[in-house]
Amino acid sequence: MTAALFISHTAEMGGAELFLVDVLRDGPQDWTGGFLRDGGAAMALRDAGRPPLIVHAGKSLFEVRRESGLLSGLASATAIFAAARELARRAKNFDVICANSQKALVVCSIAAKLARKPLVWILHDIITDPAFSPTNRKVAIFLANSFADRVIVNSQPSLDGFVEAGGKAAKATIVYNGFDIKGRPRWSKSCADALRTQFGFSDKPVVGIFGRLAPWKGQHVFLNALAQLPDAQGLIVGSALFGHDDYADELREQVKSLGLSDRVHFAGFRDDVSILMAGCDAIVHASVADEPFGRVVVEAMLAEVPIVATLGGAVGDIINDGTTGWIVPRNDATALAAVLTSILDDPTVARQVASCGRIDAARRFDIAQTRSRIAAVLNEVACR
Ligand code: UDP
């Protein structure tokens, strides 16, 4: 096995970090996770008996955002070099360094050069998304083309974005996120009852939306759809990450102004998503921008709960519309409400679709497959 050090810049519980936790939790013992700042994902690895490496990077590195330009990047140069030197020193006993985010790519590119180790970048984004500043995009593509031996991308749209931005297609391989299938709860009456008791919901249907609270995740569209479904209750699971607290406040205001206060519950960030999903009657994924992967879509399918997701990005690769879930246009609360109405009105058909969704997702998104595909890339790179 190839000894690999996976580095994420943040340990906040975003999809990329949860991907890493899942890969490492029962993964090969010579794979280690690392973060440039301590946090929830690092704690999750410790709890799993896989203590991570923490290489503290200066605060200025975290002030560079997707939309940041050259100046803020330059301002963090000292912190980047200090972290890279420290990382290079600690990477001595590893065969490969894997950068699990764009900021990590910056630090890992230098560290890999200093430590003379091969570098793999795991790209979780559609890099052509306008949310990334042209500077950020150019820097990432330059580093990938110049320093990374291989690039693992999480979906075809992420691969397309990488190539369109100038990334070398020959370096890229698609590896889907994977999930622990065995022992994962499926919808059941007892999960549904427990959910209702926990959040004080009535016997009427519960529709859930899971994910960080951010404008592009479209929780506001979900609320507008819910306002058109007088019998449905809404469960919003997730917290604002990466500085989107204002949006969380706006959602609370929207709930009040739509008169939904007695039937919508904000659950905050939860580490028992699979159990909560298994108690919902339907799950919505409402992104208003292209979704690079969409872990919550697969998780809803694995919970055997009807999923309605918005078109764009990888959603069309995950869901077969009408067979394993439903796809609706994005930013269209009325279309979303119409599909939810038909699901809630005809639970028998909805259950059949959800059952096909579970079978398909279990076949395509098993964590064991993800690990073996990553291992193949790492072995190839280490053998060069
Ligand atoms: N998630 C979680 N607790 C929450 C909300 C979300 O553990 O309260 C998880 C969710 O189950 C999923 C991940 O966060 O695994 C979000 O990944 P996704 O690809 O959907 O979105 P991203 O955050 O990467 O854009």
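We did not get these values from a lab; they are worked out from the coordinates using the rules stated. All values derive from a computational prediction rather than experimental measurement. Counting neighbours? That spans all protein chains shown, and the Cβs are built from the backbone with ideal geometry, glycine included.
Note that segment 71-130, at 4 °C in a medium of 1.567 mPa s, gets a Stokes-Einstein diffusion coefficient of 108 µm²/s from its Kirkwood radius over C-alpha pairs.
Derived scalar couplings between HN and Hα for segment 149-158 equal 7, 9, 10, 9, 10, 8, 6, 5, x, 5 Hz in order, rounded to whole Hz, by the Karplus curve 6.51 cos²θ - 1.76 cosθ + 1.60 (θ = phi - 60°), x for Gly and Pro. The listed peptides 371-381, 212-222, ordered by packing as a protection proxy, come out as 212-222, 371-381 (highest mean of other Cβ atoms within 10 Å first). The alpha carbon radius of gyration of segment 120-205, expressed as a multiple of 2.2 N^0.38 Å, is 1.70. Ordered from longest to shortest, the equivalent ellipsoid semi-axes for the chain are 37, 22, 19 Å, each the square root of 5 times a Cα gyration tensor eigenvalue. Taking only the C-alpha atoms of segment 174-330, Rg followed by Dmax gives 14.7, 44 Å. Largest first, the extents of the alpha carbon coordinates of segment 270-384 on the three principal axes equal 57, 29, 26 Å. Per-residue ellipticity at 222 nm, computed for the chain from helices alone with -39500 (n - 2.57) per DSSP H run of at least four residues, works out to -14000 deg cm²/dmol. Using the average count of surrounding beta-carbon atoms within 10 Å as a protection proxy, the listed peptides 175-182, 114-121 rank, highest first, as 114-121, 175-182. Under 5 Å between amide hydrogens, built in the peptide plane, is the criterion, and for ALA99 it picks out ILE7, VAL120, TRP121, ILE122 among residues at least 5 positions away or on other chains. From the largest down, segment 18-58 spans 31, 18, 16 angstrom on the principal axes of its Cα atoms. Each label point was placed 7 Å from the Cα along the Cα-to-Cβ direction; for ASP38 and VAL288 their separation is 3.8 nm. According to the Cα-based calculation, Rg over Rh for segment 149-193 is 1.34, with Rh computed by the Kirkwood formula. The length gained by stretching the chain between HIS56 and CYS383 to full extension, at 0.36 nm per residue less their Cα-Cα distance, is 114.7 nm.
Of the options SER146, PHE201, ALA91, report the single residue whose Cα projects farthest towards the positive end of the charge dipole of segment 88-216 (beta-carbon charges: Lys, Arg +1; Asp, Glu -1). Checked the options; the winner is ALA91. Database remark: amide H of ILE174 closer than 5 angstrom to the amide H of VAL153 (H placed geometrically; neighbours at sequence offset of 5 or more, or on other chains; Pro and chain starts carry no H).
Couplings 3J(HN,Hα) of segment 218-225, computed from phi: x, 4, 5, 5, 4, 5, 5, 5 Hz, in residue order, whole Hz [Karplus 6.51 cos²θ - 1.76 cosθ + 1.60, θ = phi - 60°; x for Gly and Pro].
Under 14 Å from a label point set 7 Å out along the Cα-to-Cβ vector of ASP317, the amide N atoms of segment 127-145 belong to 127-128. In loop segments of segment 264-314 as defined by DSSP, the chymotrypsin sites (Phe, Trp or Tyr not before Pro) with at most 15 further C-beta atoms inside 10 Å of their C-beta are PHE269. When the charge dipole of segment 246-384 is built from unit charges on Cβ atoms (+1 for Lys and Arg, -1 for Asp and Glu) and taken about the Cα centre, the candidate among ALA337, ALA282, VAL305 whose Cα reaches farthest toward its positive end is VAL305. Which FRET efficiency, nearest 0.05, do GLN198 and LYS113 yield, Cβ-Cβ r, R0 51 Å? Here the calculated transfer efficiency is 0.50. Under a model in which nothing but the beta-carbon of Lys, Arg (+1) and Asp, Glu (-1) is charged, the chain shows a dipole of about 1520 debye around its Cα centre. Ranked by the mean number of other Cβ atoms within 10 Å of their residues, highest first, the peptides 363-370, 188-195 fall in the order 363-370, 188-195. The 3J(HN,Hα) values that the Karplus relation (6.51, -1.76, 1.60; θ = phi - 60°) gives for segment 369-376 are, in residue order, 5, 4, 4, 6, 6, 5, 4, 4 Hz. Gly and Pro appear as x.
Think of each Lys and Arg Cβ as +1 and each Asp and Glu Cβ as -1; about the Cα centre, that makes the dipole of segment 202-273 roughly 120 debye.
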